[in-house]
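The values are calculated or read from the model by the stated rules, or taken from the named source; none is laboratory data. These numbers come from a predicted model, not from an experiment. Cβ placement follows ideal geometry from the backbone for every residue including glycine, while neighbour counts extend to all protein chains displayed.
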Amino acid sequence: MNTLIKTKIALLAGASLFMVACNTTHNNAATTTSSNPYAKQVDSILNLMTLEEKIGQLNLPSSGDITTGQAKSSNIAEKIAEGKVGGLFNIKTVKKIRDVQRVAVEESRLKIPLLFGMDVIHGYESTFPIPLGLSSSWDMEMIQKTAQIAAQEASADGINWTFSPMVDISRDPRWGRVSEGSGEDPYLGSLIAAAMVKGYQGDDLTANNTILACVKHMALYGAPEAGRDYNTVDMSDIRMYNEYLPPYKAAVDAGVRSVMAAFNEIHGVPSTGNKWLLTELLRDDWGFDGFVVTDYTGINEMVDHGMGDLQQVSALALNAGVDMDMVGEGFLTTLAKSIEEGKVTMEALDTAVRRLLTAKYELGLFDDPYKYCDLERPAKEVFSDEHRAYARKVGAESMVLLKNDNNLLPLKKEGTIGLIGPLANTAVNMAGTWSVATKQDKSNPLLDGLKTVVGDKAKVLYAKGSNVDYDLEFEQRITMFGKAIPRDGRTDKQLLNEALQVAAKSDVIVAALGEPAELSGESSSVTSLQIPQVQKDLLNALLKTGKPVVLVLFTGRPLAIVEENENVPAILNVWFPGSEAGLAISDVLFGDVNPSGKLTATWPMNVGQVPIFYNHKNTGRPLGNKEGKFEKFRSNYLDVRNEPLYPFGYGLSYSTFEYSNLKLSSNTLSENGSIEVTVDVTNSGDYDGKEVVQLYIRDLVGTVTRPVRELKNFNKIALTKGETKTVLFTISEEDLKFYNSELNFVAEPGEFEVYVGTDSNASLMASFELIK
Ligand code: BGC
């Protein structure tokens with residue numbers, strides 16, 4: 001059993017305060033800057049601290065008396081009393097946190113309060129859709145509000161620091177953690193990063209319902225070779241700066257107060273020990289002045305990366321710019337020696353300590369270490385009806401309608417509905433991956449939601465239909481952390497027969513299939529993007545009945561569902577919608593909510609196309625035909641066309657939207673000037689609905705090659721049926737900037753094309769010239 005699993009189990013089991021610790025400091029760089037309003041107070045504490053106490057501040061154990069990756073846990077309470085712990089993470093409930101904080105502020109010599117961190121990734125107990133789903137809403141206000149609600153609930157339960165937002169751009173659905181990010185686009189990803197930071201931190205960190213955010217994983221963690229988690233990343237600077245770094249920077253610009261170093265290497269040096277990354281780029285170029293924490297045993301893992309022994313890698317991390325050591329105890333056990341031997345300076349250690357103490361001042365913990373420990377708050381503020389109602393709304397907004405032949409959807413609340421599939425009645429899977437605080441068993445499964453929403457207007461029949469997979473061992477690997485879908489005692493044939501009996505009695509079949517929650521997330525990489533075969537067989541058998549079939553697809557990643565797209569008349573991709581999943585899905589199935597989600601990651605035709613993304617380069621040999629037919633000696637495949645199954649930005653509605661009248665206010669753009677882009681969008685269908693109007697720009701000629709198009713703006717609008725709205729965008733030189741081969745951020749004069757439409761294939765086009 002690996003470290004993370006153990007941690008999570010400890011957490012879910014209501015782990016005690018006893019656990020592991022570890023810590024780090026950071027290198028040179030001025031600390032007592034005049035911009036730090038707490039500089040004086042921080043220094044007065046620093047002056048009182050022993051070397052051991054300083055190192056202790058940089059130590060971040062996880063809760064639970066557990067063994068971690070490469071380090072051994074030990075009695076945490078004792079360490080806290082000795083001043084050897086700066087913070088603790090993944091400990092749940094305000095009561096336990098209050099007890100632990102008491103040890104720090106009553107039993108330790110200097111009474112320095114602790115930080116309490118947690119992976120509050122997409123909600124706390126009221127859980128919102130997985131981040132990839134949330135991003136599909138393209139609704140920044142809503143995303144920010146989900147983070148604000150998460151902060152309110154977490155802070156009510158004692159937490160003052162979340163390890164979110166996760167902003168790793170990824171173009172590789174094999175990587176399980178695509179579920180945790182916002183997809184493939186740097187522009188959209190940056191807006192979401194900023195919205196989440198603002199949601200968590202609010203305007204005032206000293207309030208008791210705002211918490212520290214931590215942008216992760218710095219950097220490029222979403223681009224591991226072969227999509228395998230924790231694998232090597234090797235990337236050109238120009239790609240890094242233009243395509244992968246922007247969301248981290250956006251979080252820094254939005255004021256994020258902490259940053260988590262990634263597991264992967266960059267330029268051949270693990271992020272955790274990478275001074276260029278954590279000091280030169282992050283602090284010197286971007287101006288970040290918060291603190292940097294490692295990922296789980298990130299320092300210790302540098303031993304396996306081949307960077308030296310524990311003392312060497314701990315010194316490397318501190319000198320690179322790491323301030324806090326998560327779990328591995330490299331700092332705790334080796335920094336004193338490194339200082340003695342001159343491998344780390346006292347100044348570097350002090351710098352890191354100052355950063356940690358400053359964060360605690362910023363949170364107001366020195367004024368009141370129990371400010372997040374009001375025992376009365378959880379009952380009122382956590383998992384409240386209001387938050388759950390919001391989770392239901394957000395769940396519905398994140399869903400993406402992938403196909404809807406002959407308007408099979410929305411369904412009518414009448415007749416008999418056959419709900420079939422292994423994901424139809426599993427509460428514990430509805431919150432999706434990385435939902436450590438969720439109330440798993442209180443989540444609303446589809447079967448319950450469906451029954452509630454149809455009431456007595458229709459009859460709902462249910463059959464499980466199949467297990468998750470034919471292969472029991474694989475099934476066990478993908479249904480962990482208490483998210484099992486119990487293996488059925490019946491044979492595959494018996495399960496199928498029952499499903500066919502239900503189908504025979506039904507007017508319409510809703511097939512709830514796909515991935516269970518832990519088939520995506522950390523350490524959940526795959527080499528096949530198919531729905532498990534047993535479920536495909538079930539689906540085909542249901543289709544053969546001739547009854548109308550709606551596929552409700554659960555997934556944490558883009559899937560290659562070519563066959564399903566061909567054969568199933570309606571496909572609603574629901575991701576993992578969160579605590580109110582069943583209700584949210586039913587709201588969409590019956591048209592109480594018209595779906596408006598749009599994909600934020602490209603869905604491939606097959607796994608061999610990966611990595612596939614819309615903002616690719618043209619190459620010197622692009623295809624010459626629009627239909628995507630094979631051409632010899634052109635950049636394409638013999639066996640599959642270049643186009644994806646569903647492009648970035650794609651998503652249907654029960655209504656239809658027409659675009660016309662694309663106009664630019666001018667055909668030239670001068671420095672400091674702007675161009676107005678207008679387009680008419682008409683709801684030409686039979687339902688009121690929402691549409692994400694997307695604007696892409698192509699830079700036709702550059703000193704370096706430029707992508708075939710890039711998202712530069714969008715607007716999610718509501719249109720009643722028959723309504724037309726004119727949507728206005730403004731383009732300025734800033735929108736045309738990119739990092740050139742000297743890594744200068746510039747806009748180069750020349751021709752640009754503007755595309756506006758419903759997805760990244762938008763074809764309405766106008767052009768202009770940038771004159772400088
Ligand atoms: C993950 C991080 C997470 C940390 C603490 C690591 O395994 O990579 O995203 O914040 O654990 O739980």
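Assorted remarks:
- Residue in the range 480-487 that is outside any loop (DSSP other than H, G, I, E, B), within 28 Å of G395 (Cβ to Cβ) and touching a Ser or Thr at 6+ places or on another chain (Cβ under 8 Å) present: no
- Cβ-Cβ under 9 Å pairs, at least 6 apart or on other chains, the range 94-121 side basic (K, R), far side within 16 Å of the ligand (Cβ to nearest atom) and at pLDDT below 95: K96/A15; K96/S63
- Condition check for A396 on (1) at pLDDT below 95; (2) closer than 24 Å to K459 by Cα: one failure, at (1).
- Only one of S126, S170 that is under 30 Å from N715 (Cβ atoms) and within 16 Å of the ligand (Cβ to nearest atom): S170
- Output for the range 457-515, where each listed residue is buried (at least 19 other Cβ atoms within 10 Å of the Cβ) and aromatic (F, W, Y): Y462, F481
- Filtering V303, V353, V293 for residues that are within 16 Å of the ligand (Cβ to nearest atom) and in the same structural domain as S63 (by TED's automatic domain parsing) leaves a single hit, V293.
- Leading residue by the ranking (nearest to the ligand (Cβ to nearest atom)) among those in the range 252-269 that are at negative phi and small (G, A, S): A262
- Elements of type helices (runs of 4 or more DSSP H) contained in the range 516-601, each with 2 or more residues being surrounded by 24 or more Cβ atoms within 10 Å (Cβ to Cβ): 533-544, 581-589
- Count of the range 277-308 residues, restricted to those that are touching a residue at least 12 places away in the same chain (Cβ under 8 Å) and outside any helix (DSSP H, G or I), is 16.
- Flag for D325 being buried (at least 23 other Cβ atoms within 10 Å of the Cβ), within 24 Å of the chain's Cα centre (by Cα) and not small (G, A, S): yes
To keep it simple, each residue is scored yes or no on (1) at pLDDT 50 or above; (2) hydroxyl-bearing (S, T, Y); (3) within 16 Å of the ligand (Cβ to nearest atom).
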site: T7; (1), (2), (3): no, yes, yes
site: F18; (1), (2), (3): no, no, no
site: T25; (1), (2), (3): no, yes, no
site: S34; (1), (2), (3): yes, yes, no
site: Q41; (1), (2), (3): yes, no, no
site: S44; (1), (2), (3): yes, yes, no
site: L48; (1), (2), (3): yes, no, no
site: L58; (1), (2), (3): yes, no, no
site: G86; (1), (2), (3): yes, no, yes
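- Number of the exception - K249 against (1) within 15 Å of the ligand (Cβ to nearest atom); (2) within 19 Å of the chain's Cα centre (by Cα): (1)
- Set side by side, the residues L110, L132 differ, and just one is within 16 Å of the ligand (Cβ to nearest atom) and either buried (at least 17 other Cβ atoms within 10 Å of the Cβ) or part of a loop (DSSP other than H, G, I, E, B) (or both), which is L132.
- Residue list for the range 195-209, restricted to those being more than 16 Å from the ligand (Cβ to nearest atom), within 20 Å of the chain's Cα centre (by Cα) and on the phi < 0 side of the Ramachandran plot: A195, K198, G199, Q201
- Residues in the range 706-759 that are touching a strand residue (DSSP E or B) at 6+ places or on another chain (Cβ under 7 Å) and of a type in the set (G, A, S): A718, G722, S732, A747, G750, G757.
- As a summary of the residue check, I159 satisfies the conditions (1) under 27 Å from L60 (Cα atoms); (2) more than 16 Å from the ligand (Cβ to nearest atom); (3) part of a loop (DSSP other than H, G, I, E, B) except for the one numbered (2).
- Options I238, I192: the member that is away from the ligand (no atom under 16 Å from the Cβ), buried (at least 24 other Cβ atoms within 10 Å of the Cβ) and in a helix (DSSP H, G or I): I192
Okay, residues lined up against (1) closer than 19 Å to I585 by Cβ; (2) not in a loop (DSSP other than H, G, I, E, B):
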| site | (1), (2) |
| --- | --- |
| L335 | no, yes |
| L349 | no, yes |
| D368 | no, no |
| L375 | no, no |
| F383 | no, no |
| A391 | yes, yes |
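- Single residue of T272, T334, T279 found to be more than 16 Å from the ligand (Cβ to nearest atom), under 22 Å from S164 (Cα atoms) and either out of contact with any His (no Cβ under 6 Å at 6 or more places or on another chain) or modelled with pLDDT of 95 or more (or both): T279
- Residues that are within 30 Å of the chain's Cα centre (by Cα) and either among the basic types (K, R) or not assigned by TED's automatic domain parsing to the domain that holds D157 (or both), drawn from the range 95-126: K95, K96, R98
- Per this entry, V400 is counted among residues that are farther than 21 Å from I80 by Cα, β-branched (V, I, T) and either surrounded by 24 or more Cβ atoms within 10 Å (Cβ to Cβ) or within 16 Å of the ligand (Cβ to nearest atom) (or both).
- Of all residues in the range 136-148, none are more than 15 Å from Y372 (Cα to Cα), within 16 Å of the ligand (Cβ to nearest atom) and aromatic (F, W, Y).
- Within the range 210-231, the set of residues being more than 16 Å from the ligand (Cβ to nearest atom) and assigned to a loop (DSSP other than H, G, I, E, B) comprises T210 only.
The rows are residues; the columns are (1) in a helix (DSSP H, G or I); (2) within 16 Å of the ligand (Cβ to nearest atom); (3) under 30 Å from P113 (Cβ atoms); (4) β-branched (V, I, T).
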| site | (1), (2), (3), (4) |
| --- | --- |
| Y372 | no, no, yes, no |
| H387 | yes, no, yes, no |
| A396 | yes, no, no, no |
| L409 | no, no, no, no |
| V428 | yes, no, no, yes |
| S435 | no, yes, yes, no |
| D448 | yes, no, no, no |
